[in-house]
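Enquirer: A single structure is presented below for examination.
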There are 2 protein chains.
Amino acid sequence: MNKEMKNQVDNLNNIRHSCAHLLAAAVLELWPGAKNAIGPSIEDGFYQDFDFGAVKISEADLPEIEKKMQELLQTWGSFATKEVSIEEAKKDFAWNQYKLELIEEFAKEGKTITENNPGNFLDLCKGGHSENPKEDLKYFKLLSVAGAYWRGSEKNKMLTRIYGTCFLSQKELDEHLAMLEEAKKRDHRKLGKELGLFVFSDLVGAGLPLLTAKGTTVRRVLERFVVDEEIKRGYQHVITPPLGKVDLYKVSGHYPYYKDTMYPSMKVDEDELILRPMTCPHHFMLYKSEPHSYKELPLRIAEISPQFRYEKSGELAGLMRVRMFTLSDAHIVCTKNQAKQVVKEVLDLIDYVNKTLGLKKGEDYRFRLSLGDRKDDKKYYKDDKAWDEAEKALREVLQEGNHEFFEAENEAAFYGPKIDIQVKNVLNKEETMITVQYDFVMPKRFELEYVDEKGEKKQPIVIHRSSIGAFERTIALLIEKYGGAFPVWLAPVQVVIIPITERNNEYAKKVMDELVGIRAEIDSRGETMQAKIRDAQMQKVPYMLIVGDREEKENKVAVRAREGVDMGAINMLEFLKIMREAFPAG
Amino acid sequence: MNKEMKNQVDNLNNIRHSCAHLLAAAVLELWPGAKNAIGPSIEDGFYQDFDFGAVKISEADLPEIEKKMQELLQTWGSFATKEVSIEEAKKDFAWNQYKLELIEEFAKEGKTITENNPGNFLDLCKGGHSENPKEDLKYFKLLSVAGAYWRGSEKNKMLTRIYGTCFLSQKELDEHLAMLEEAKKRDHRKLGKELGLFVFSDLVGAGLPLLTAKGTTVRRVLERFVVDEEIKRGYQHVITPPLGKVDLYKVSGHYPYYKDTMYPSMKVDEDELILRPMTCPHHFMLYKSEPHSYKELPLRIAEISPQFRYEKSGELAGLMRVRMFTLSDAHIVCTKNQAKQVVKEVLDLIDYVNKTLGLKKGEDYRFRLSLGDRKDDKKYYKDDKAWDEAEKALREVLQEGNHEFFEAENEAAFYGPKIDIQVKNVLNKEETMITVQYDFVMPKRFELEYVDEKGEKKQPIVIHRSSIGAFERTIALLIEKYGGAFPVWLAPVQVVIIPITERNNEYAKKVMDELVGIRAEIDSRGETMQAKIRDAQMQKVPYMLIVGDREEKENKVAVRAREGVDMGAINMLEFLKIMREAFPAG
């Protein structure tokens, strides 16, 4: 980020943080018993926490608060900031235990304490404000209400958090709100429910999705596609148990790094078993189950691999962040000389998979080269030469393949650098969908070997990689990208046949029988044709085949696409051709 | 079993138990420091446990022991049994702490104590012996040596167990030994290793198999076959997490019955999570996630479901008995009136699946009707009327479908009766491969509902069922049935192309390219053709395509089947036809 950009960001942050003060002032005027806690700027906006006592606040109250904020804003001048003594601050905020707690803490840390007041509202604050509130804070909007523990700890009281945002112009604010509106419509949690793709159950547990028949269809189509493609490309698909002895992760060295995100271990006989947070040790055990020659390398061990990570309940989000996910995982054992070619082939596969999913390179996703830090021996395995070689190899693959990419310091795995495939979600934020890791540490720790041309034992390199990511997250991204209207080959139901009257039911069945290999349903409910079309469109079914007397007589189907396009009456051969062309070549 | 049969069995048991005495006598003569513990007859033979002290015995010692047994046998008369006092017995066996422990126990229980001596060997025994040892014990054979804890508890000393068998004639003994020999050859653990289908790893854990690429191919072909077939038959395949809150199994009522065979629970936040021992509660949660009308019933929820059960380490056996298995599971929610038709369709599916696998009804498998016990309220849910109805329904389905079956008392699930599909393994023993359960309890416990024709809420019935069983066990059964020579459609590698010389490698590749959809490999190692054919046969690859100059010139392939049959040179179209016909219709 250059200096000018940084100034702009700082300015916007100051304005948004100031807006949090304005929100606090308005709330305390409307609810004199309320107490304001902290109110920082955040990405795209700000929030302010309150203790409302016994009062319950909802989003229905936001317009009134906004009105009061506009009213107060007219009376505000600049933020007059003054340093005060601990005693003075304590006196001023004797009514507010949250501010008192902060004052005590600042005092203990020897920090200076500042108060500010832009007009009629005294607040405790470390500063960073708009210089001209009356002008700067005009274009704000309150967005939502949520619960949040004081200082983020569940041991403390649950406060009420009001989120809002503020921009420099009405146009920017409107654009942002429109994007939020669109994102809300495309939210995979909302669409997942509307389209009946997955559910959660309190009795099963948080972060553990249950895929319905429709969600499972999408998952199965993706899984078979990727397994078949990988086998075609020389991968050996295996199935290993999703748990193992804790020792596996002690040998790998994951245990100290990942302990907090692993499930608790289980004592079975004399063994400590644990649900696996990654697949590598299992694949290494398979590799080690027999001797290997250089002739077998690169050896590509792949698995559709269930993995378990403990995510904090507050971080769980639909299918995007879960406590169990299924990764299209692989570990490619190769010589150091082969590593570049292996990574090149992996990026080709990823590009192919993403293209098939309809993700456009540069637009929907980009590559990130995630580097280590030679100075941080605690976070990264110490071997400067190996790090240099590995980072160089990955960078060269990206350059030679003319892949656009950016570099990120200090984002590597502890055992080596990686290339991350960063996908833009519906809020224009980037999520890591796939990683490709260059590993020179595990082969050492697990004593992986191969026999080289001279009959000598050598240590290979391992490339850890996914190809389509974790199915849960990839499905979430696809739902949001397509707003639920999956490409034909992925749609859980591809065709709904709609008989116009009951006497067309027989013909509908005949049409159904001709749709071999296509996921089709007949809607023979006693509803009107219009209602059936509307329901199929709501369910984002790609094609509706409407069959009445005329179609039956002419041995045709009247095709309607979910976008509302009427494609007229065509014969089945023509329709089957349309369907065939919608499937990825393979 | 009729009276005559029972007498015969008792007679054989007596003979085998007597043979255990003979074994003890021989061992104590050969190793005077050894102490004999117990020596019962078992199915197909007997065993005798010994404390050999510091001496290590192996199977290499068995011939010498057998020789001594034959020698001693010549001196034996009938088993003279006499009742003795505790003191007398203690005196006689002062040298043997195992016998002393038994004497103490018998005394405590008030049992009479008997000793016997057929000639030159005094033993403590409750009786049941051959009347004419010299004749009856002639046809014996010692089979194997294993470790076994005294009285089966790992807290006690590990003793040495010698297994043997004894028959009434040399012919019967020979037949039995031949069957054991064949079983050993077909043992799926042995073949699994030789054919590279699966491995175990100490670091992963006991009972947790790792399927190699080849094993995974078999599993994937079976899985896709059964999933596609079930979807065709109206099943809705879902994917639910293989763990959930312990509460799920408290609601279901499984917890008290299955607690000991479940994995330990894991505390995650406030929840107690546990790996699932069965899928039912998860499917019920999906069912309950939306309201259902009678029009949707029967509703068939299916899943390829990973399940976890704690089996004692001594009971683990290759893929046959594991600590994690993957069941082709389903729960069919239906009205009571639909139950019979649903079970009928399930049996049809099972027959179809088994037929496709090559399992012959009556020969390889049969149906068992497993009934409850109205008097046992502790083991079975109390509702006599429901049990009567359910057992009647299952029996009628079996009768009306002309399925041969037998009935077994006291083999039901706690929530209802079931039909078990009993498969004969390579030792002619029956294993339960699949169960179909009629459940009138879970719908009540989980408050499952549907709305009937009158708009009233009703409680459905649930049929729990598998179709192909647990993949692990089914694969084990298939390996043993086929001695590793899988039917073509299941074979991990279906075709090996063998170029005769290096100059045929290009043509081999052309042949490979024409084998679309077929799992083929080229063996281009620098070995002789004969060596390559031998290796392919060892790996039980169904077809070898040998390509030399002549085949290349004539654009043909010389086909050789794994059984050794030379099928001559044919063109690719003809060979592809042979392959197509080897796949199940579908």
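The values are calculated or read from the model by the stated rules, or taken from the named source; none is laboratory data. Nothing here was measured: the structure is a model prediction, and the numbers come from that model. Backbone-built Cβ (ideal geometry, glycine too); neighbour counts: all protein chains shown. Remember, those area values only see protein heavy atoms, side chains included, never the ligands or the DNA or RNA. Shrake-Rupley method; radii C 1.70, N 1.55, O 1.52, S 1.80 Å.
Enquirer: Given a 1.4 angstrom probe, I'd like the percentage of the accessible area of region B:304-381 that is carbon and sulfur, rounded to a whole number.
Expert: Solvent-exposed carbon and sulfur of region B:304-381 make up 48 percent of the total.
Enquirer: Now, a different point. Over the C-alpha atoms of region B:1-63, what are the Rg and the largest Cα-to-Cα span, Dmax, in Å?
Expert: That works out to 14.4, 48 Å for Rg and Dmax.
Enquirer: For all pairs of alpha-carbon atoms in region A:93-175, what percent lies in each bin of width 10 Å, listed from the first bin to the last filled one?
Expert: 14, 31, 38, 16, 1
Enquirer: Measuring from centroid to centroid over Cα atoms, what is the spacing of region A:134-154 and region A:385-433 in Å?
Expert: Here the answer is 34 Å between Cα centres.
Enquirer: Given region A:249-331 reduced to its alpha-carbon atoms as identical point scatterers, what log10 I(q)/I(0) does the Debye formula return at q = 0.10 Å⁻¹?
Expert: Taken in order of the listed q values, log10 I(q)/I(0) reads -0.33.
Enquirer: Magnitude of the Cβ-charge dipole of chain A, K/R +1 and D/E -1, about the Cα centre, nearest 20 debye?
Expert: I would put it at about 720 debye.
Enquirer: How much net charge surrounds B:Gln74 when only other residues with a Cβ under 14 Å from its Cβ are counted (Lys, Arg +1; Asp, Glu -1)?
Expert: Its environment carries a net charge of -1.
Enquirer: A follow-up question, please. Do any cysteines of chain B lack a neighbour Cys whose Cβ is under 4.7 Å away, and which are they?
Expert: Lacking a cysteine Cβ partner under 4.7 Å: B:Cys125, B:Cys280, B:Cys334.
Enquirer: With viscosity set to 1.306 mPa s at 10 °C, what whole-number translational diffusion coefficient in µm²/s follows for region B:412-454 from Stokes-Einstein and a Kirkwood radius over Cα pairs?
Expert: 123 µm²/s
Enquirer: Of B:Lys267/B:Lys312; A:Lys336/B:Lys532; B:Lys82/B:Lys138; B:Lys185/B:Lys429; B:Lys336/B:Lys360, which pairs sit farther than 21 Å apart, going by alpha carbon to alpha carbon?
Expert: Beyond 21 Å: B:Lys267/B:Lys312; A:Lys336/B:Lys532; B:Lys82/B:Lys138; B:Lys336/B:Lys360.
Enquirer: On a C-alpha basis, how far is the centre of region A:168-185 from the centre of region A:25-96 in Å? Whole number, if you could?
Expert: So the two Cα centres are separated by 25 Å.
Enquirer: Based solely on its DSSP helices, what 222 nm [θ] is calculated for chain A when runs of n ≥ 4 H residues each add -39,500 (n - 2.57) and the sum is averaged over all residues, nearest 500 deg cm²/dmol?
Expert: -11000 deg cm²/dmol
Enquirer: If we restrict to alpha carbons, what Rg and Dmax does region A:478-586 come to, in Å?
Expert: Computed over the Cα atoms of region A:478-586, radius of gyration and Dmax are 13.3, 41 Å.
Enquirer: Considering only A:Val221, A:Leu197, A:Tyr258, whose Cα is most displaced toward the positive end of the charge dipole of region A:196-270, charges sitting on Cβ of Lys, Arg (+1) and Asp, Glu (-1)?
Expert: About the Cα centre, the residue reaching furthest to the positive side is A:Val221.
Enquirer: Counting DSSP beta bridges in chain A, what percent are antiparallel, to the nearest 5?
Expert: Within chain A, antiparallel bridges account for around 85 percent of the total.
Enquirer: Let me ask another. Can you tell me the accessible area per residue over region A:343-454, all protein chains present, probe 1.4 angstrom, in square angstrom?
Expert: Accessible surface, normalised per residue, equals 47 Å².
Enquirer: Percent of Cα-Cα pairs more than 12 Å apart in region A:294-347, please.
Expert: Here the tail beyond 12 Å accounts for 72 percent of pairs.
Enquirer: Then there's this: Please report the antiparallel percentage of the DSSP beta bridges confined to region B:364-434, to the nearest 5.
Expert: 75 percent
Enquirer: Moving on. Return one quarter of the surface area of the convex hull spanned by the alpha-carbon atoms of region B:320-460, equal to its mean projected area, in nm².
Expert: Averaged projected hull area, Cα only: 10.2 nm².
Enquirer: Pairs of alpha-carbon atoms within less than 8 angstrom and 6+ residues apart define the contacts here; what relative contact order does chain B have, in percent?
Expert: This gives 10 percent for chain B.
Enquirer: If you don't mind, there's one more thing I want to ask. Using a 1.4 Å probe and ignoring any ligands, DNA or RNA, find the accessible area of B:Lys171 and quote it in Å² to the nearest 10.
Expert: Around 140 Å² of this residue is reachable by solvent.
Enquirer: Less than 12 Å Cβ to Cβ from A:Arg276, Lys/Arg counted +1 and Asp/Glu -1: what total charge do the surrounding residues give?
Expert: That works out to 0.
Enquirer: So if I average 1/r over every pair of distinct C-alpha atoms in region A:465-515 and take the inverse, what Kirkwood radius in Å does that give?
Expert: 13.7 Å
Enquirer: With the dipole of the protein assembly as shown worked out from charges on the C-beta (+1 for Lys and Arg, -1 for Asp and Glu) around the Cα centre, which of A:Gln74, B:Pro443, A:Gln341 lies farthest toward the positive end?
Expert: Looking along the dipole axis, the top candidate is A:Gln341.
Enquirer: Considering the convex hull of the alpha carbon atoms of region A:433-498, report its projected area averaged over all viewing directions, in nm², one decimal.
Expert: About 7.8 nm², averaged over all directions.
Enquirer: First obtain the Kirkwood hydrodynamic radius of the protein assembly as shown from its Cα pairs, then insert it into the Stokes-Einstein equation at 25 °C and 0.890 mPa s, and state the resulting D in µm² per second as a whole number.
Expert: Translational diffusion coefficient: 69 µm²/s.
Enquirer: Quick one: dipole size for region B:324-408, taken about the Cα centre, charges +1 on Lys/Arg Cβ and -1 on Asp/Glu Cβ, in debye to the nearest 20.
Expert: Result for region B:324-408 is approximately 100 debye, rounded to the nearest 20.
Enquirer: Here's a follow-up. Give, to the nearest whole percent, the P(r) tail of region A:169-299 beyond 27 angstrom, counting all Cα pairs.
Expert: The share of Cα pairs beyond 27 Å in region A:169-299 comes to 52 percent.
Enquirer: While we're looking at this one, here's another question. Suppose the Debye formula is applied to equal point scatterers at every Cα of region A:268-400; what is log10 I(q)/I(0) at q = 0.09, 0.10, 0.22 Å⁻¹?
Expert: Summing over Cα pairs of region A:268-400 leads to -0.40, -0.49, -1.40.
Enquirer: For region B:392-465, max minus min Cα coordinate along each principal axis, in Å, sorted largest first?
Expert: Largest first, region B:392-465 extends 54, 26, 19 Å along its Cα principal axes.
Enquirer: Separate question: P(r) tail for region A:55-138, what percent of Cα pairs lie past 15 Å?
Expert: 65 percent
Enquirer: Can you tell me what the convex hull of the Cα atoms of region A:97-229 projects to on average, as an area in nm²?
Expert: Dividing the Cα hull surface by four gives the mean projection, 14.6 nm².
Enquirer: Equivalent-ellipsoid semi-axes (√(5λ), Cα gyration tensor) for chain A, whole Å, largest first?
Expert: 47, 39, 22
Enquirer: Local charge sum around A:Gly401 (other residues, Cβ-Cβ under 12 Å, Lys/Arg +1, Asp/Glu -1)?
Expert: -2
Enquirer: Further, regarding this structure: Once you place label points 7 Å from the Cα toward the Cβ at B:Asp269 and B:Ser78, how far apart are they in nm?
Expert: Distance between the two pseudo-spin positions: 7.7 nm.
Enquirer: Here's another thing I want to ask about it. When all C-alpha to C-alpha distances in region A:185-231 are sorted into bins of 10 Å, what percent of pairs does each bin hold, rounded to whole numbers?
Expert: Once binned at 10 Å, the Cα pair distances of region A:185-231 give 25, 41, 27, 6.
Enquirer: With no solvent and one equal point scatterer per Cα, compute the Debye intensity ratio I(q)/I(0) for region B:234-294 at 0.15, 0.16, 0.22, 0.29 Å⁻¹ and report its log10, rounded to two decimals.
Expert: -0.51, -0.57, -0.93, -1.31
Enquirer: Over region A:1-119, what number does the Rg to Rh ratio reach, with both radii from the alpha-carbon atoms and Rh per Kirkwood?
Expert: That ratio equals 0.99.
Enquirer: Distance between the C-alpha centers of region A:207-225 and region B:223-280? Whole Å please.
Expert: Going from one Cα centre to the other spans 17 Å.
Enquirer: From the mean inverse distance of alpha carbon pairs (Kirkwood) and the Cα radius of gyration, derive Rg over Rh for region B:424-533.
Expert: 1.32
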